[in-house]
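J.: Sharing a structure here in structure tokens format.
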Amino acid sequence: MLEAQGIWHGFGSTEVLRDVSVKVRPGEMVALCGPNGAGKSTLLAVMAGDYAPQQGLVHIDGQSVTGLPPDVLARRRAVLEQTPTLSAAFTVRELLALGIPRDVPPERANLLISETLRDVSLLDRADDNCLILSGGQRHRAHLARVLVQLAASDRACGYLMLDEPTASLDIAHQIATMRIARRAARLGEGVLVVLHDLNLAAAFADRVVLMHRGRVVADGTGTDVFTAARLSAIYETEIVVEEAMDGRPRIVPVYDPDTHPAQRA
Amino acid sequence: MSETSALPRHAAARFAGIPVFALLGAALLIVVFAELALGPVRLGPGDLLAVLLGEGEQGPSAILLQIRLPRAVLGLAVGFGLALSGCAMQGVLRNPLADPGLIGVTAGAAVGAVSVIVLGNYFVGDLPAPVRPYALPLGAFAGGLLVTAFVFSLSHLSGGTNVAMLILAGVAVNAIAGALIGAMVYISDDQQLRDLTFWSMGSIASGNWMQVSVTTMLALAAALGLLTMGRSLDLFQLGERAAFHAGIDIEREKWRIALMTAIAVGAVTAAAGPIGFIGLVAPHMARLIVGPAHRNVLPAAALIGGALILGADLAVRLAVPPTEPPIGLATSMIGGPFFLWLLMRRLKRGGF
């Protein structure tokens, strides 16, 4: 289990996380939602072991994340940054190889890379230069790099942490990305994903953690967490929640295009 | 940040593998042979073989063993050290324009070396005898390390490095180093002044075996260390945070690379003076041939760097015989325009 307990963290005099606790179980997909500045990315960074929180503990399968050396940690969790970058003209295959530890034999590494590329429908681009891929494909190649990192560790389950993986993608790529993450969860990985799109969260996540001003304000299924009153309050804009045909909540902001924000306040 | 100007759909148009390294190795061997054979006194392959087997006549033997061989060995150490340091700095800083000379590491090393040359009278005598031959490279190492650490921490602060920042930092460091060296020159005596002037133009001719062996040992040790950093340098291309997520200890790797770079540049600069642009040109040529993966770029750049240094040395020696203009003039004359071309290319692509 990936578990953050009583996390407090701030930068300077600003408290970004105030007593946050979140759990991700193996095989579970948890969406982290909330307005800009709620502390989602900071929580993800703390849970990824980027830095130690000022207070509180993060445990991954019972061990403190900041106590594990980076190479051991990399076998237990993989992280996809919001805007992954690459400064060299690697091929897609070479990019994925970056996710695989040195001690994995080359034949196994190649097999893992090919399987993962097939899973994300990029096998036909394997030998292409990453820099000529479209934005969506490049993002998916980085997602594959993160997936292959977990696949290469011989542990039964790892944790996949995705920071707004759909932010710069068109609708079809958003759905494809979420399905890939969903599949990872079905295969046993714990998935923690920061999402701005509440409908994607409601459709794909087993559980939603809603954050506001550094605190967790709700933690449960999409139906329990996404209520019109709660969302309208924390996003400070009018939001309607309907029931979709599949029984999941459908979150619809009221656009009211001719009203200026200042007038509403 | 791409290295290839026209992006091919398939990046497979690269030549990595044993044949390419064999070719590069063969090219290097040919240059080494030319370096040993050519000069005011020409030596044939027969002479070389005889001398190397310890059976040569006195004349060729002295020329080869006392002049050309130390020169060739020092040249190789300089080429390997500078090319690999350039590769490593470009990799860590994710910046293809990083070069030990441009960003001031060489200047830092030069300040260290000049300080030992000028102020050495005061303290080198007090050092224990086994340490004395290392005083010059040690001084250069300390100066180089200081600058490397500074530049790496800049890249950490700015969360990556843009070219302008790096070059400007280099301008500042070079200016400070220039002032410090100027101060040393001002207080130096006539003999020191003469030594400094020739040293500062960069030359691999100074070689006596004592100096050459110290330099070569240090540069080769650092070079071997840098050759093992391929995977880390590849991971650095994802950015420091993602590289950490993929399993490397960023701070430790940066320190390692900074140390080895400073040892290589320090040793090389102490013995041969500041030689510019090899750390820029060799890795670029290597990437054009073998692609971007550092496990290939590093050895290829080392072979190319060695060949470039000896080639430049041959060029200046054969240009106006029997005088021997310093090699640093040749590398800067080729490297300067090359650097400008790289800058223009980036500007055209709108990349900074």
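J.: Let me check I have the definition right: for the stretch B:47-131, take the eigenvalues of the Cα gyration tensor, multiply each by 5, take square roots. What are those semi-axes in whole Å, largest first?
T.: In descending order, the three semi-axes are 34, 24, 10 Å.
J.: Tell me, what is the FRET efficiency for B:Arg346 and B:Phe198 to the nearest 0.05, using R0 = 22 angstrom and their Cβ-Cβ distance as r?
T.: On the way: r = 35 Å, r/R0 = 1.60.
Step by step, r from the Cβ atoms, then E = 0.05.
J.: So what is the calculated 222 nm ellipticity per residue for chain B, using -39500 (n - 2.57) for each DSSP H run with n of 4 or more, over all residues, to the nearest 500 deg cm²/dmol? Mind showing how you got there, number by number?
T.: Numbers: 15 runs with 253 residues, N = 352.
Taken over chain B, the calculation gives -24000 deg cm²/dmol.
J.: Could I ask something else about it? Working only with C-alpha atoms, what are the Rg and Dmax values of the stretch A:1-153, expressed in angstrom?
T.: Gyration radius and largest Cα-Cα distance of the stretch A:1-153: 17.2, 51 Å.
J.: Of the listed peptides A:128-135, B:175-182, what is their order by residue-averaged count of other C-beta atoms within 10 Å, with the highest listed first?
T.: Working: A:128-135: 17.8, B:175-182: 15.2.
Packing order, densest peptide first, comes out as A:128-135, B:175-182.
J.: How many nm separate the modelled label positions at A:Arg155 and B:Ile18, each set 7 Å beyond the Cα in the direction of the Cβ?
T.: About 3.9 nm separates the two model spin labels.
J.: For chain A, what is the convex hull (Cα atoms) projected area averaged across all directions, in square nanometres? Please report the intermediate quantities before stating the final value.
T.: Values: hull surface 62.9 nm².
So the Cα hull casts an average projection of 15.7 nm².
J.: Please compute, for peptide A:43-52, the average count of beta-carbon atoms on other protein chains lying within 10 Å of each residue's beta-carbon. Don't jump to the answer; show the numbers that get you there.
T.: Numbers: counts 0, 0, 1, 0, 0, 3, 2, 3, 0, 0.
That average works out to 1.
J.: Here's another thing I want to ask about it. Under a crude label model (7 Å from the Cα following the beta-carbon direction), how far is B:Tyr186 from A:Arg179 in nanometres?
T.: Here the answer is 7.4 nm between the modelled labels.
J.: When ranked by the protection proxy of mean other Cβ atoms within 10 Å per residue, highest first, what sequence do the peptides A:47-57, A:241-251, A:169-179 form? If you can, show how the numbers build up before the last one.
T.: Numbers: A:47-57: 17.9, A:241-251: 13.7, A:169-179: 16.1.
Output ranking for A:47-57, A:241-251, A:169-179: A:47-57, A:169-179, A:241-251.
J.: Which of the three applies to chain B, rounded, prolate or oblate, going by the alpha-carbon gyration tensor with a ≥ b ≥ c and a/c under 1.5 meaning rounded?
T.: It is oblate, given that a/c is not under 1.5 and a/b is not larger than b/c.
J.: Starting from the Cα of A:Thr237, step 7 Å along the direction of its Cβ; do the same at A:Arg186; then give the gap between the two resulting points in nm.
T.: Roughly 3.3 nm, to one decimal.
J.: Another one. How would you rank B:64-74, B:235-245, highest first, on the average number of other Cβ atoms within 10 Å across their residues? The partial results should precede the final answer.
T.: Details: B:64-74: 20.5, B:235-245: 22.5.
For the peptides B:64-74, B:235-245, the packing ranking is B:235-245, B:64-74.
J.: A further question follows. Roughly how many Å² of A:Thr223 are accessible to a 1.4 Å probe, to the nearest 10?
T.: About 80 Å², ignoring ligands and nucleic acids.
J.: Separate question: Computed FRET efficiency, Cβ-Cβ of B:Arg252 and A:Asp258, R0 60 Å: what is it to the nearest 0.05?
T.: On the way: r = 58 Å, r/R0 = 0.96.
The value I calculate is 0.55.
J.: Could you state the per residue volume, in Å³, of the convex hull enclosing the Cα atoms of the stretch A:77-154? Kindly include the intermediate steps, with their values, before the conclusion.
T.: Numbers: hull volume 6.9 nm³, N = 78.
Hull volume normalised by residue count: 88 Å³.
J.: I need to check one value: relative contact order of the stretch A:1-128, counting alpha carbon pairs closer than 8 Å and at least 6 residues apart, in percent.
T.: Values: 126 pairs, mean separation 26.5, N = 128.
Relative CO of the stretch A:1-128 lands at 21 percent.
J.: Now, a different point. Just counting partner chain Cβ atoms within 10 Å, what average do the residues of peptide A:117-129 show around their Cβ? Walk me through the numbers on the way to the answer.
T.: Numbers: counts 0, 0, 0, 0, 0, 0, 0, 0, 2, 1, 4, 6, 11.
Per residue, the number of nearby Cβ atoms from other chains is 2 on average.
J.: Please compute the average number of Cβ atoms from other chains found within 10 Å of each residue's Cβ in peptide B:240-253.
T.: Working: counts 0, 7, 11, 2, 7, 15, 12, 15, 4, 3, 1, 1, 2, 1.
Neighbouring Cβ atoms belonging to other protein chains average 6 per residue here.
J.: How do B:Leu28, B:Leu259 rank by accessible surface area computed with a 1.4 Å probe, from largest to smallest?
T.: Details: B:Leu28 15, B:Leu259 70 Å².
The most accessible residue leads, giving B:Leu259, B:Leu28.
J.: Can you tell me the relative contact order of the stretch A:187-265? Whole percent, Cα pairs under 8 Å, sequence separation 6 or more.
T.: Working: 85 pairs, mean separation 16.2, N = 79.
Normalised by residue count, the contact order of the stretch A:187-265 is 20 percent.
J.: Please list the three semi-axes, largest first and in whole Å, of the ellipsoid equivalent to the protein assembly as shown, using sqrt of 5 times the eigenvalues of its alpha carbon gyration tensor.
T.: Values: eigenvalues 629, 134, 87 Å².
Listed largest to smallest, the semi-axes of the protein assembly as shown are 56, 26, 21 Å.
J.: Scattering from the C-alpha atoms of the stretch B:182-233 alone, worked out with Debye: what is log10 I(q)/I(0) at q = 0.20, 0.30 1/Å?
T.: So the normalised log intensities are -0.82, -1.06.
The values are calculated or read from the model by the stated rules, or taken from the named source; none is laboratory data. The structure displayed is predicted, hence computed values, not measured ones. Quick reminder, even Gly has a Cβ in these numbers, built from the backbone with ideal geometry, and neighbours come from all protein chains shown. These accessible areas exclude ligands, DNA and RNA; they are computed on the full protein's heavy atoms, side chains included. Shrake-Rupley method; radii C 1.70, N 1.55, O 1.52, S 1.80 Å.
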